[in-house]
Amino acid sequence: MMFRLTPLLLYALLTACGSTPPTTTLPTPVVSDLSGHWEMDYGRSDNVDRKLQSMYREWRRLAERRARGDQRAGPLNVPVDGASFRRTVDVARFADLITSSQVLDIEQTPADIAIQRENDYTLSCVFGNGEPELLVDDLGSEVCGWDAHQLVFRTQLPDGIDIQHRLSLSEDSERLHIATRVDGPRAPPFVINRFYFRFDPLPADYACEYTLSRGNVCQTGPQSAGSPQTGSPQTGSPKTGAPQPAADKSL
């Protein structure tokens, strides 16, 4: 069963993780156009293994300082032991898994948005009159809507896991940033940042196949119609220029 709650309560749910308490007035959303085709920028996106290593080194450093009686160490949110670190690793791996989509296809209208994620379910939201939307069922609850210029999806699962995605565009609208925070029971929150850049998809009749000897080999039309071309499967343009008819010689 699914039902809606009042706009004031929805806004409170959206801002529950923030430092500013909810107010009685919903902010006027600054809607960004997220529509388009997006591919992950691995160079800018977080590497979970490196983040875990950095967190562990920091925890060990603070624990050692505290063991020496150094008051500057301050309190630790989570004790540095094997069990607590394993819980943190579990949360981090889960965050990595749910943000691993390499390609996003986003369709947006003034009334709604659908974010198709590679190898994952589609995130969708109905804006209505600008108020957040909340869906509740036996699997948990999900609230979505605009928080200033950011599009927010927050999902709460029955087992105590809280997931929040925040999507925002760069000033030139060519980069998409998705900050995902996962809160798990008895573990500190883990935040992972993914960055995407726009790309133009290949034509429907343009197919690519990766080969060890020639890299990405692409061709137009039926595979039997001619020789393949070498190019990029994401941008829609071979390295030597625009796609050529299948009858042309291989590049």
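From the residues in the range 121-160 that are under 22 Å from residue 90 (Cβ atoms) and among the aromatic types (Phe, Trp, Tyr), which one is modelled with the highest pLDDT? Applying the filter and picking the extreme gives 153. If only residues of the range 99-134 that are hydrophobic (A, V, I, L, M, F, W, C) and crowded, with 18+ Cβ neighbours inside 10 Å are counted, the one that is farthest from residue 202 (Cα to Cα) is 134.
Here is a check on your reading of the model: is residue 179 free of Cβ contacts under 8 Å to residues at least 40 places away in the same chain, among the small types (Gly, Ala, Ser) and under 16 Å from residue 37 (Cβ atoms)? No: the conditions fail for residue 179. Of note, residue 49 satisfies the criterion of being at pLDDT 90 or above, loosely packed, with under 15 Cβ neighbours inside 10 Å and within 30 Å of residue 185 (Cβ to Cβ). Counting residues in the range 183-194 that are closer than 18 Å to residue 105 by Cα and modelled with pLDDT of 95 or more gives one or more. Scanning the range 161-177 for residues that are assigned to a loop (DSSP other than H, G, I, E, B) and within 24 Å of residue 92 (Cβ to Cβ) yields a count of 1.
For residue 114, indicate whether it is under 13 Å from the mean Cα position of the chain (by Cα) and under 19 Å from residue 163 (Cα atoms). Reasoning before the result, please.
On the way: under 13 Å from the mean Cα position of the chain (by Cα): no; under 19 Å from residue 163 (Cα atoms): yes.
So residue 114 does not fit the description; no.
Taking (1) farther than 25 Å from residue 110 by Cβ; (2) assigned to a strand (DSSP E or B) in turn, residue 151 satisfies each apart from (1).
With respect to residue 107, is the statement that it is free of Cβ contacts under 8 Å to residues at least 60 places away in the same chain, under 24 Å from residue 36 (Cβ atoms), part of a strand (DSSP E or B) and among the charged types (D, E, K, R) true? Don't jump to the end; show me each part of the working.
Numbers: free of Cβ contacts under 8 Å to residues at least 60 places away in the same chain: no; under 24 Å from residue 36 (Cβ atoms): yes; part of a strand (DSSP E or B): yes; among the charged types (D, E, K, R): yes.
No, not satisfied.
The residue pairs whose first member lies in the range 191-218 and is of a type in the set (Phe, Trp, Tyr), whose second member is assigned to a loop (DSSP other than H, G, I, E, B) and surrounded by fewer than 18 Cβ atoms within 10 Å (Cβ to Cβ), and whose beta carbons are closer than 6 Å, counting only pairs six or more residues apart or on different chains, are 195/41; 195/44; 195/45; 197/41; 199/234; 199/235. State yes or no: is residue 109 β-branched (Val, Ile, Thr) and in contact with a helix residue (DSSP H, G or I) (Cβ under 8 Å, 6 or more places away or on another chain)? Judged against the criteria, residue 109 is not a match.
Listed here are the residues, each with its yes/no results for (1) part of a loop (DSSP other than H, G, I, E, B); (2) at pLDDT 65 or above; (3) over 28 Å from residue 143 (Cβ atoms).
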position: 22; (1), (2), (3): yes, no, no
position: 37; (1), (2), (3): no, yes, no
position: 60; (1), (2), (3): no, yes, yes
position: 69; (1), (2), (3): yes, yes, yes
position: 72; (1), (2), (3): no, no, yes
position: 90; (1), (2), (3): no, yes, no
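The values are calculated or read from the model by the stated rules, or taken from the named source; none is laboratory data. Note that the structure is predicted; figures quoted are calculated from it, not measured. Every residue, glycine among them, receives a Cβ derived from its backbone with ideal geometry; neighbour counts consider all protein chains shown.
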